[in-house]
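Data first, discussion second: the structure below is written as structure tokens.
The values are calculated or read from the model by the stated rules, or taken from the named source; none is laboratory data. Worth saying up front: this structure is predicted, and the values here are computed from it rather than measured. Reconstructed Cβ throughout: ideal geometry from the backbone, glycine too, with neighbour counts over all protein chains shown.
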Amino acid sequence: MRPMANKDLLIVDDESLVCESLKEMLSLEGYTVDAVPDGAAALAKIKEDRYQLIISDIRMPGLNGIELLKELKGRAPDTAIIFITGHGHIEGAVEAIKLGAYDYITKPIDDLRLKVSIKHALEQKKLLASYNSLKQRLKPWDLQEELVYGDRKMYQLLELVHTIADTMATVLITGESGTGKSMLAKYLHDQSSRRHRPFVKISCGSLSETLLESELFGHLRGSFTGAIKDKKGKFEEAHGGTIFLDDINSASANLQVKLLRVLQERVIERVGGNIPIQVDVRIITATNTPLQDEVHNQRFREDLYYRINVVSFTIPPLRERLSDITPLVKHFISHFNQVHHKEIKDISQSALQVCLQYRWPGNVRELENVIERAVILTPGDFIVPASLPATLSETGGAPVPLAANLTLDEAMAQAEKQVLQETLQSLEWNRQATARTLGISRTTLFNKMRRFELKDPRRRAPNDHWPGAAQKA
């Protein structure tokens with residue numbers, strides 16, 4: 001079986017004269033052109049080859065143009081389509097535009113108008129392809145202008161970030177892998193007066209010692225094998241801006257000495273050189289390893305630790321900020337809808353509950369991967385529990401078994417009370433966050449709490465009672 005070829009245009013018209021004349025004209029314009037007599041033949045043709053654009057009549061025997069357009073959405077969604085229609089059938093052409101056609105041309109065909117329309121359609125496709133390619137290369141958080149969050153812990157953390165954002169204080173960000181340390185570093189940079197200068201990031205654990213020093217400080221030609229020309233380092237690139245050193249715990253002893261000098265004197269020396277170069281950079285570091293333990297075990301310099309730990313932020317793991325899960329899930333659904341050309345509307349409450357009960361050892365990065373998988377595999381409009389990996393339900397924590405001999409209403413009430421109580425407890429009895437997480441109004445939540453006599457134990461007093469309820473004597 002031969003591989004699919006990439007071609008420019010496919011003409012679909014039951015009038016052979018139209019097909020032949022358009023094919024001849026557009027071939028002379030430099031396009032690769034095929035022609036078929038009807039919609040069914042067009043569908044067979046797109047199984048063999050990829051076309052950037054289809055030019056089709058609307059009224060054809062068998063599969064008409066509108067039906068062809070609907071079929072293309074599922075089989076070749078990236079293929080644009082321009083319709084040809086008679087003056088008496090403009091209404092059908094307008095319907096086609098609403099369904100996603102790029103343009104329509106009325107008969108008799110104006111050759112110049114058709115050529116211009118084809119040119120614009122292909123240019124638009126090229127721009128859209130470049131944009132989608134860029135989006136797929138970036139991580140979702142790189143596409144955000146601001147962090148996605150909803151938990152009180154993150155609100156409190158970001159209040160501190162804003163307090164020190166416009167200072168020169170060196171910052172240490174700690175947290176488990178996948179919690180979003182690099183995103184917080186970028187957010188800190190964006191909130192400072194350095195936001196218009198470079199933000200440069202590098203992982204200290206991803207390169208060998210020699211290469212890492214060269215990347216950070218630059219090198220002179222001939223300073224080591226392969227150094228064929230002078231090179232600026234990341235510190236010079238970040239001049240006036242911010243440098244983010246991830247996995248700082250992986251820095252070698254020699255590199256730690258050089259970083260200490262940068263922090264003390266704000267100067268660097270390129271590898272193989274001895275001329276001091278002044279740098280103006282704000283330094284942010286991150287680690288998923290407790291540096292105090294590294295210092296205690298003499299793997300990390302104590303003086304460097306205190307230099308980088310002027311201000312520290314610890315990002316809580318996702319299992320400790322459950323109110324972030326709902327906005328993150330919705331954000332990832334929206335993003336991966338665009339990446340994978342899907343139209344998932346939302347996540348069902350039962351599937352969301354599975355996410356809320358899971359402990360997320362991989363944190364936000366794991367949640368991102370799970371939602372991308374669910375968006376790809378979900379056949380309907382909503383992500384349901386079956387769309388999620390089975391491991392989420394298996395390790396998410398088993399529900400308390402229901403008591404025996406209950407009626408259906410009693411069993412459902414007991415299960416509802418359990419979900420309410422667990423969600424309230426996990427969100428520290430924050431009613432607004434609980435209502436948002438469960439997808440109900442605050443009034444509905446309040447009524448259910450009163451029904452099940454669920455009260456915040458931290459606020460209860462001897463005479464505590466529900467507002468509006470009859471006070472017992």
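The table for this structure:
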item	result
Where a residue in the range 20-33 is surrounded by 15 or more Cβ atoms within 10 Å (Cβ to Cβ) and its partner, wherever it lies, is part of a helix (DSSP H, G or I), with Cβ under 7 Å and at least six apart	25/111; 33/23; 33/26; 33/27
Complete set of residues in the range 366-396 that are β-branched (Val, Ile, Thr) and out of contact with any helix residue (DSSP H, G or I) (no Cβ under 9 Å at 6 or more places or on another chain)	391, 395
The range 38-59, subset under 17 Å from residue 23 (Cβ atoms) and over 38 Å from the mean Cα position of the chain (by Cα), residue surrounded by the most Cβ atoms within 10 Å (Cβ to Cβ)	57
Count of residues meeting criterion [under 37 Å from the mean Cα position of the chain (by Cα), over 15 Å from residue 111 (Cβ atoms) and among the hydrophobic types (A, V, I, L, M, F, W, C)] in the range 1-37	3
Sole residue being surrounded by 19 or more Cβ atoms within 10 Å (Cβ to Cβ) and not polar (S, T, N, Q), chosen from 229, 181, 201	181
Residue match in the range 395-407 (condition: at pLDDT 80 or above and under 29 Å from the mean Cα position of the chain (by Cα))	no
Count of residues meeting criterion [assigned to a helix (DSSP H, G or I) and among the hydroxyl-bearing types (Ser, Thr, Tyr)] in the range 307-360	4
The range 285-304: number of residues that are buried (at least 17 other Cβ atoms within 10 Å of the Cβ), assigned to a helix (DSSP H, G or I) and within 34 Å of the chain's Cα centre (by Cα)	2
Residue 282 being charged (D, E, K, R), at pLDDT 90 or above and under 30 Å from the mean Cα position of the chain (by Cα)	yes
